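Encoded as structure tokens, the structure appears first; notes follow it.
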Amino acid sequence: MNNILFFAHLRDAVGRDSVQLDASGKTVAELKQLISDKYEAVNLEHVMTAINEEFASNEEVIHDGDAVAFIPPVSGG
Amino acid sequence: MNFYEISKEPIIIQEVIDKVVQREAGAITTFIGTVRELTHGKKTLYLVYEAYESMAVKKLEQIGQEIKERWSGADVAITHRVGRLDITDIAVVIAVSTPHRADAYEANRYAIERIKEIVPIWKKEHWEDGEEWIGNQLETVAYPKGKPEEKDLNE
């Protein structure tokens, strides 16, 4: 299983800060598609992804137990 | 000592500065980011900052590491606040010490620019007529490949 984390406007759109689902074997792009299909209000087009707290490309493959976070463009500072 | 922190409590500037005091330093620069009332004429009532805390600390550490590679002898400490902040409150404090002053200024500027690129922290602006997460709608920074390019990470 994988813990999928949402922040900022994505959390508002999904309605919760995380969901559990099995994404092992999927690429980041495939997971994005799956999430977009499930939550119509969620647009992941310009959203970065982190796997286990490191930025990951759309081609990267997710493994069982990986924590996947969707990172909207940041606005700290 | 924790040189890189996300804080739910108000930041004590002196504590951040004290972390970079070193005998080799000839300069310490301090950047203090504060909550501005007016942005393009629009009045902010207050802000809420949110962080992906564990990753944010890692990315602050990465920025510190990048600085140490570029400016020899630098020490770096960064604390970023989260939660509700009112106008004039301190959102971030960056302290950099180096042997010579020019490096301390440059490295400190580098740190704040990098924070705005790679550290997972978001602010929600609250106005009289609404609220909005900043960073998503403006799309001033988009990552077409899903993550920062090498140049985004290294410049």
Original post:
How big, in percent, is the set of alpha carbon pairs in the protein assembly as shown lying more than 26 Å apart?
Top reply: 41 percent
**OP:** Find how much the distance from B:I32 to B:K68 grows on full extension, using 0.36 nm per residue of separation minus their present alpha carbon separation; answer in nm with one decimal.
**Re:** 10.9 nm
**OP:** Over region A:2-71, calculate the relative contact order: mean separation of alpha carbon pairs under 8 Å at least 6 apart, over the residue count, as a percent.
**Re:** 42 percent
Subject >> Value at 222 nm in deg cm²/dmol, rounded to 500, when DSSP H runs of n ≥ 4 in the protein assembly as shown each add -39,500 (n - 2.57) >> reply: -8500 deg cm²/dmol
Original post:
Net charge near B:L45, counting Lys/Arg +1 and Asp/Glu -1 over other residues with Cβ under 14 Å of its Cβ?
Top reply: -2
Subject >> Degrees between helix B:53-70 axis and first principal axis of chain B (Cα, 0 to 90, nearest 10) >> reply: 40 degrees
Original post:
Quick one: helix B:101-118 against the long Cα principal axis of chain B, what's the angle to the nearest 10°, folded into 0 to 90?
Top reply: 40 degrees
Subject >> Stretchable slack from B:R84 to B:Y105, in nm (0.36 nm times residue separation minus alpha-carbon distance) >> reply: 4.6 nm
Original post:
Taking the Cα centre of chain B as the origin and placing charges on Cβ (Lys, Arg +1; Asp, Glu -1), which of B:Q62, B:P120, B:A74 is farthest toward the positive end of the dipole?
Top reply: B:A74
Subject >> Under 17 Å from A:K38, Cα to Cα: aspartates and glutamates that are on another chain or at least 8 residues apart >> reply: A:D12, A:D17, A:D22, A:E30
Original post:
If you average the sequence gap of Cα pairs under 8 Å that are 6 or more apart and divide by the length of chain B, what percent do you get for the contact order?
Top reply: 32 percent
Subject >> Potential lengthening between B:V48 and B:M1 on full extension [0.36 nm per residue; Cα-Cα distance subtracted] >> reply: 14.2 nm
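Quick note: the coordinates plus some simple rules give every number you see, no bench work behind them. Note that the structure is predicted; figures quoted are calculated from it, not measured. Here Cβ is always computed from backbone atoms with ideal geometry, including for glycine, and neighbour counts include all displayed protein chains.
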